[in-house]
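Undergrad: Encoded as structure tokens, here's the structure I'll be asking about.
Please treat every number below as a calculation from the coordinates, not as lab data. Note that this is a predicted model, so its numbers are computed, not measured. Here the Cβ is made from the backbone with ideal geometry for all residues, glycine too, and neighbour counts use every protein chain on show.
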Amino acid sequence: MEYIRGTEFEIPGFSAVTLGKFDGMHLGHQELLANMERFRADGAKMVVFTFGTSPYELLKGHTPLLMTNEERRNYCERAGVDYLIEFPFTDEVCHMSAETFIQKVICKQLHARYVVVGTDFGFGYKRQGNVALLKSLEERFGYKTFPIEKKRDETGREISSTYIREELTAGHMEKAAALAGTPYYLSGEIVHGKQFGRTYGIPTINMIPQEGKLLPPFGVYVSRVTLEKKTYRGVTNIGVRPTVSETGNVNMETFLFDFDGDVYGDEAVLELLHYIRPEKKFSSLEELETQIKADANTAVNWKER
């Protein structure tokens with residue numbers, strides 16, 4: 001996959017393009033990618049167009065991300081995307097008319113022959129562009145628009161990044177996973193901790209949350225960690241560890257079952273499968289140790305549905 005970040009580019013040949021924020025790459029996004037796949041037989045390049053910083057962040061203030069830019073790049077590469085475009089959302093782009101965006105970006109730079117978007121897709125200055133405008137200009141610019149109906153869950157609600165954020169914020173990890181098609185995960189480097197757990201025979205790995213990424217409620221989770229292409233079940237605490245620390249720094253600490261290796265400095269992917277309980281301050285280290293073992297037992301016996 002070729003990753004392009006900037007405004008100066010031109011896709012060779014012609015392409016099938018999908019456009020959007022693509023935060024989280026949930027089931028709705030996956031439907032767009034699946035619909036683009038059929039145009040490969042025609043020789044089209046598969047292109048995902050998004051913004052390096054989302055318009056919503058710039059116009060409304062910071063919104064925690066479900067997926068970092070790096071995670072999105074990795075996802076698109078695994079999905080077989082040919083080009084991922086992260087377009088800077090400059091003042092010029094913000095004030096670009098929808099028709100100009102079609103002419104300059106979609107046609108001249110992306111060489112789009114097929115445009116695959118959600119039925120609610122909006123673009124251009126004040127989101128004046130929509131599917132109806134795309135369709136009305138097809139003959140003039142020589143592309144074809146394929147609007148895709150929004151994916152819905154079993155209740156009939158549209159699947160969206162906003163919906164997933166709501167479920168994660170409530171600690172509903174299973175529901176968030178169902179909407180996204182995969183458990184919510186965080187990734188990063190394993191760092192040194194206080195090594196409190198080793199004192200009690202419960203060695204843990206520590207990770208620092210990625211800046212700007214949404215965290216679910218502070219508390220204890222059934223988890224799964226991938227290290228060096230191997231996966232381990234475990235129990236994770238996300239929070240400030242009030243019993244053993246007064247810094248207020250947020251940490252992700254995981255006790256892995258059947259693992260006791262030296263992995264400091266390694267990269268890990270932490271999946272959060274089930275919310276067990278909120279974080280709390282214990283009156284003693286002994287009480288904390290007892291609770292950790294109880295949480296681990298809960299995690300061992302938890303069964304993925």
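Undergrad: At 1.567 mPa s and 4 °C, plugging the Kirkwood radius over alpha-carbon pairs of region 216-282 into Stokes-Einstein gives what diffusion coefficient in µm²/s?
TA: Translational D for this selection: 102 µm²/s.
Undergrad: Could you tell me the ratio Rg/Rh of region 161-273? Both radii from Cα atoms, Rh via Kirkwood. Before the final figure, lay out the partial values.
TA: On the way: Rg = 13.8 Å, Rh = 14.5 Å.
Value, to two decimals: 0.96.
Undergrad: Give me the percent relative contact order of region 2-148, please, defined on Cα pairs under 8 angstrom at least 6 residues apart.
TA: Values: 228 pairs, mean separation 46.6, N = 147.
Rounded, it is 32 percent for region 2-148.
Undergrad: Another one. Longer than 25 Å from Cα to Cα, which of LYS175/LYS281; LYS104/LYS213; LYS21/LYS150; LYS135/LYS213 are they? Say none if no pair is.
TA: Table pairs above 25 Å Cα-Cα are LYS175/LYS281; LYS104/LYS213; LYS135/LYS213.
Undergrad: Extending each Cα 7 Å along its Cβ direction at SER97 and ASP258, get the distance between those two points in nm, one decimal.
TA: Using points 7 Å along Cα→Cβ, the separation is 6.4 nm.
Undergrad: Calculate the dipole size of region 1-155 relative to its Cα centre from +1 charges on Lys and Arg beta carbons and -1 charges on Asp and Glu beta carbons; express the result in debye to the nearest 20.
TA: Numbers: 20 positive and 22 negative charges, 64 e Å.
Roughly 300 debye for region 1-155.
Undergrad: Let me ask you something else. Lys and Arg at +1, Asp and Glu at -1: add these up for the other residues within a Cβ distance under 15 Å of ARG38 and post the number. Numbers along the way, then the final one.
TA: Details: positive: ARG40, LYS45, ARG113, LYS144; negative: GLU31, GLU37, ASP42, ASP82.
Summing Lys/Arg as +1 and Asp/Glu as -1 gives 0.
Undergrad: Calculate one ³J(HN,Hα) per residue across region 265-279 by plugging θ = phi - 60° into the Karplus curve 6.51 cos²θ - 1.76 cosθ + 1.60, and present them in order as whole Hz with x for glycine and proline.
TA: Rounded to whole hertz, the list is x, 6, 8, 9, 10, 10, 9, 9, 9, 7, 8, 8, 6, x, 6.
Undergrad: I've got another one for you. May I have the convex hull volume per residue, in Å³, for the Cα set of region 103-166?
TA: On the way: hull volume 7.0 nm³, N = 64.
Spelled out: Cα convex hull of region 103-166, divided by residues, is 109 Å³.
Undergrad: Also: Is there a quick way to get the dipole size of region 184-301? I mean about its Cα centre, with the Cβ of Lys and Arg at +1 and of Asp and Glu at -1; what is the value in debye to the nearest 20? Each step should come with its number before you reach the end.
TA: Values: 12 positive and 16 negative charges, 60 e Å.
Taking the Cα centre of region 184-301 as origin, the dipole is about 300 debye.
Undergrad: If I model a spin label as a point 7 Å beyond the Cα along the Cα-Cβ vector, how far apart are those points for TRP302 and GLU189 in nm?
TA: It works out to 2.8 nm between the two label points.
Undergrad: Quick one: the Cα spread of the chain along its three principal axes, in angstroms, biggest first?
TA: 73, 37, 32
Undergrad: Starting from the Cα of ALA34, step 7 Å along the direction of its Cβ; do the same at ARG5; then give the gap between the two resulting points in nm.
TA: It is 3.1 nm.
Undergrad: OK, next. With θ set to phi - 60° and the Karplus curve 6.51 cos²θ - 1.76 cosθ + 1.60, what are the ³J(HN,Hα) couplings of region 20-34 in order, to the nearest whole Hz, using x for Gly and Pro?
TA: Values, residue by residue: x, 7, 6, 8, x, 6, 7, 4, x, 5, 5, 5, 5, 4, 5 Hz.
Undergrad: Select from GLY265, ILE4, VAL131 the residue farthest towards the positive end of the dipole of the chain; place +1 on Cβ of Lys and Arg, -1 on Cβ of Asp and Glu, and compute about the Cα centre.
TA: In the chain, that residue is VAL131.
Undergrad: Let me ask another. What's the magnitude of the charge dipole for the chain around its Cα centre, counting Lys and Arg as +1 and Asp and Glu as -1 at the beta-carbon? Answer in Debye, nearest 20.
TA: On the way: 37 positive and 43 negative charges, 150 e Å.
Dipole size: approximately 720 debye.
Undergrad: Okay, moving on. Given an 8 Å cut-off on Cα distances and at least 6 residues of separation, report the relative contact order of the chain as a percent.
TA: 16 percent
Undergrad: With the chain treated as a Gaussian network of Cα nodes joined by springs under 10 Å, which of ARG38, ARG113, ARG140 yields the largest mean-square fluctuation?
TA: Checking each option, the largest mean-square fluctuation is seen for ARG140.
Undergrad: At 222 nm, what value in deg cm²/dmol follows for the chain if DSSP H runs of at least 4 each add -39500 (n - 2.57) and the sum is divided by all its residues, to the nearest 500? Let's see the in-between values first.
TA: On the way: 11 runs with 83 residues, N = 305.
Calculated mean residue ellipticity at 222 nm is -7000 deg cm²/dmol.
Undergrad: Sticking with this structure for a sec: Using the reciprocal of the averaged 1/r over all distinct C-alpha pairs, how large is the Kirkwood radius of region 50-151 in Å?
TA: Numbers: mean 1/r = 0.0671 Å⁻¹.
After inverting the mean inverse Cα-Cα distance, the result is 14.9 Å.
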